[in-house]
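Engineer: First the structure, which I've put down as structure tokens, then a few questions once you've had a look.
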Amino acid sequence: MTAETPRVQFGIDGLDRMLCGGLLKKSICTIIGTYGTGKTTFSLYFAHEGLKNGERVIFISLDEREEMLYHDMEQKGWDVEAVRNTSLFVIKLDPTDFTLSINHLKNELPQLIQRVGASRVIIDPISLFEGLFADEATRRKELFRFIEIMRDEECTLILTSETKENSSYASKYALIEYMVDTVILLRYVRPTKLAEVHPAVEVAKMRGSDHSRGIKPYELLKDQVQVYFEANVF
């Protein structure tokens, strides 16, 4: 990818500014954060931006049920029925069914992307897929294989991940951030001991592009995610 590679916007203005215009097209991004930081919400806005542009979107959930995700979209005022199973395809996988989940992500997902012509794909969270493997060596090998499969597809991919225990800077298994192109960290920060805690977003890595090095506060509002690009947490 080069500086001339087209951009894929998140639809969150402050974040797109941090990404110098958006993600690079056909790149792979991970959003890493602890519970309550809004990983799924950021992903939904990424999906909605694509739908507004007439794109087709696949959302693979290993956590939330389809109806809950559709409900969240409706609460934001989005017309879900107009795009359901025509432009937006939400699929719930059971992470406890090892064979089905592995087969769907590695074999059936690429076929689905090609069949529907999806240009945006979200997997939420990829850490539940990683957790299907019993040991680190197998986990690393299978995740690498999956990433390589997805690089051949004509889509921009978002993978969310829980944080590693006792660390807000690493994914749950500390693997995915080394394999993807862009890493977005969502975390809580306290500027001083007596200050209020703020959610903050940071672009920790972005291959092939400049990006903001700042740590920016954000809010999860009812009808938007507001990233305050002009502000700094510290």
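What follows is calculated from the coordinates using simple rules that are stated; it is not laboratory data. These numbers were taken from a predicted model, which means no experiment stands behind them. Don't worry about glycine lacking a Cβ; one is built from the backbone with ideal geometry, like all the others, and counts go over all protein chains shown.
Engineer: What FRET efficiency comes out for M179 versus E66 if R0 is 25 angstrom and r is the Cβ-Cβ distance? Round to the nearest 0.05.
Structural biologist: For R0 = 25 Å, the calculated efficiency reads 0.35.
Engineer: Next up: Calculate how many DSSP beta bridges within the chain are antiparallel, expressed in % of all such bridges and rounded to the nearest 5.
Structural biologist: If I count the DSSP bridges inside the chain, around 40 percent turn out antiparallel.
Engineer: Shifting gears a bit: Here are a few candidate values for Cα extents along the principal axes in Å: [x] 65, 45, 23; [y] 49, 43, 38; [z] 53, 42, 37. Which one was actually calculated from the structure I just gave you?
Structural biologist: Of the labelled values, this structure produces [y].
Engineer: For region 161-234 and region 1-41, what is the centre-to-centre distance using only Cα atoms, to the nearest Å?
Structural biologist: 12
Engineer: Rounded, prolate or oblate: which one fits region 3-121, using the alpha carbon gyration tensor with axes a ≥ b ≥ c (rounded when a/c is under 1.5, else prolate when a/b beats b/c, else oblate)?
Structural biologist: rounded
Engineer: How much of the DSSP bridge set in region 103-201 is antiparallel, in percent, rounded to the nearest 5?
Structural biologist: 55
Engineer: Only four residue types carry charge here, +1 at the Cβ of Lys and Arg and -1 at the Cβ of Asp and Glu. Report the dipole size of region 82-234 about the Cα centre in Debye, rounded to the nearest 20.
Structural biologist: Using only the charged Cβ atoms, the result is roughly 180 debye.
Engineer: Pull up the cross-link candidates among the lysines for K106, meaning alpha carbon to alpha carbon under 26 Å and not fewer than 8 places away within one chain.
Structural biologist: K25, K26, K39, K92, K141, K164, K172, K205
Engineer: Label points 7 Å out from Cα along the Cβ direction at K141 and V80: separation in nm?
Structural biologist: So the two model labels end up 4.1 nm from each other.
Engineer: Once Lys and Arg get +1 and Asp and Glu get -1 on their Cβ, which of F146, Q111, L159 lies farthest toward the positive end of the dipole of region 91-166?
Structural biologist: Q111
Engineer: Projected onto the charge dipole of the chain (+1 at Lys/Arg Cβ, -1 at Asp/Glu Cβ, origin at the Cα centre), which of L175, H211, L100 gives the Cα projection farthest towards the positive end?
Structural biologist: Positive-most Cα among the choices belongs to H211.
Engineer: Not counting the cut sites, what is the longest span of the chain without GluC sites (Glu not before Pro) that DSSP labels loop and that have at most 13 other Cβ atoms within 10 Å?
Structural biologist: Between exposed loop sites, the widest span is 5-80.
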